[in-house]
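Read the structure below first, then the notes.
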Amino acid sequence: MDRREIAALLAYIGRLDPRTTRTDQGEARDQLAQWHELLGDVPMATPHGWDARVAARQHIRVSPYQILPADVARPWEVYRRDRLSRHSDPTPSVDPDDQAAWTAELVGTRRAVASGTAQPAQARAITSGRDGADPRLETRLREVGSCIPPAALVALAPYRPARAAREAAVTQRRPDALSVRCEWCLAQPGEPCRRRRIGPDDGARGTAPRATPHPGRLDLAAAQQDQHTEQAQQPAPA
């Protein structure tokens, strides 16, 4: 705010709380200089929700104490932090090889967001259950069954063999061994089976995940799948 805006703010505050009004010309000049020194970097209002008069009115409405410059500056800092916390840096439009221009655009965007002259750029949610999710993307995910492209799944398979085997079983309508508890190694549903590591003294040195489930776990999953199939094929009671 410039001195003229500070004077307008003080006049507005004086109408709401006469205690702040200075009738002596020298005191009024000192008050104006003090407020301008402390609130010179705080705008009177922004296009996106900030108004110094609203902050002042809120303080006068709820506090019995005479308003100070800090009672306007504090809500402004909260406003700035909130906007920056909701901002995700968009990709600059300049040449990425021009580091100076790239940095300058990022800094300029952040300053515009913090000062209230631009809205925060928020990263959009890509899955359901979050505000702002794109309905078209949700429909596409239901069609393909996974947000990971098939080629990426193939490339990842060697690094997560248990997951790859489970996905292959579900795709081919074979029993999902990881859907049941393993009675051999006691792996819980969803966890891969584990094998023991035996040391030179024949003692167990720990366990390591298996790429394939124990045969007994696979048999149990098959039996459970057959049971579910039989139940689904039974006619409904009349």
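The values are calculated or read from the model by the stated rules, or taken from the named source; none is laboratory data. In this text, all values refer to a predicted model and were calculated from it rather than measured experimentally. Positions of Cβ are backbone-derived with ideal geometry, glycine not excepted, and every protein chain shown enters the neighbour counts. These accessible areas exclude ligands, DNA and RNA; they are computed on the full protein's heavy atoms, side chains included. Shrake-Rupley method; radii C 1.70, N 1.55, O 1.52, S 1.80 Å.
Annotation for the stretch 3-26: no member residue is under 18 Å from R80 (Cα atoms) and either in a helix (DSSP H, G or I) or modelled with pLDDT under 95 (or both).
Could you check the stretch 4-26 and list, in sequence order, the residues that are under 14 Å from Q66 (Cβ atoms), open to solvent by 30 Å² or more (accessible area, probe 1.4 Å), in contact with a helix residue (DSSP H, G or I) (Cβ under 7 Å, 6 or more places away or on another chain) and not hydrophobic (A, V, I, L, M, F, W, C)? Explain how you work it out, then say what you get.
To start, the set of residues in the stretch 4-26 that are under 14 Å from Q66 (Cβ atoms) comprises 10, 13-14, 16-22.
The next check asks that each one be open to solvent by 30 Å² or more (accessible area, probe 1.4 Å); those that pass are 16, 18-19, 21-22.
Narrowing further to those that are in contact with a helix residue (DSSP H, G or I) (Cβ under 7 Å, 6 or more places away or on another chain): 16, 21-22.
T21, R22, listed by residue number.
Within this structure, L137 passes the test of being over 30 Å from L9 (Cβ atoms), modelled with pLDDT under 85, within 22 Å of the chain's Cα centre (by Cα) and surrounded by 11 or more Cβ atoms within 10 Å (Cβ to Cβ).
Checked across the stretch 47-69, the condition of being within 23 Å of the chain's Cα centre (by Cα) and either surrounded by 12 or more Cβ atoms within 10 Å (Cβ to Cβ) or over 16 Å from D2 (Cβ atoms) (or both) holds for at least one residue. The C-beta contact set for the stretch 1-26 (first residue farther than 17 Å from V54 by Cα, second residue of a type in the set (G, A, S) and open to solvent by less than 80 Å² (accessible area, probe 1.4 Å), distance under 9 angstrom, 6+ apart or interchain) comprises D2/G40; R3/A33; R3/G40; T21/A11; T21/G14; T21/A28; R22/G14; R22/A28. For the stretch 27-43, indicate whether the set of residues that are over 30 Å from Q122 (Cβ atoms), open to solvent by less than 70 Å² (accessible area, probe 1.4 Å), part of a loop (DSSP other than H, G, I, E, B) and out of contact with any helix residue (DSSP H, G or I) (no Cβ under 7 Å at 6 or more places or on another chain) is non-empty. Within the stretch 27-43 (the criterion being over 30 Å from Q122 (Cβ atoms), open to solvent by less than 70 Å² (accessible area, probe 1.4 Å), part of a loop (DSSP other than H, G, I, E, B) and out of contact with any helix residue (DSSP H, G or I) (no Cβ under 7 Å at 6 or more places or on another chain)), the answer is yes, since at least one residue qualifies. Of all residues in the stretch 189-219, exactly one satisfies the criterion of being within 15 Å of A169 (Cα to Cα) and at pLDDT below 80, namely A211.
Cβ-Cβ distances below 8 Å connect the following pairs, each with a first residue in the stretch 47-68 that is of a type outside the set (D, E, K, R), a second residue that is open to solvent by 60 Å² or more (accessible area, probe 1.4 Å), and a separation of six or more residues or different chains: P47/T117; H48/T117; H48/Q119; A56/L16; I60/L16; Q66/R19.
Scanning the stretch 70-88 for residues that are within 16 Å of S115 (Cβ to Cβ), open to solvent by less than 70 Å² (accessible area, probe 1.4 Å) and not in a helix (DSSP H, G or I) turns up just one, H87.
Within the stretch 21-46, which residues are of a type in the set (A, V, I, L, M, F, W, C) and within 33 Å of the chain's Cα centre (by Cα)? If the condition is that a residue be of a type in the set (A, V, I, L, M, F, W, C) and within 33 Å of the chain's Cα centre (by Cα), then L39, V42, M44, A45 are the ones that fit.
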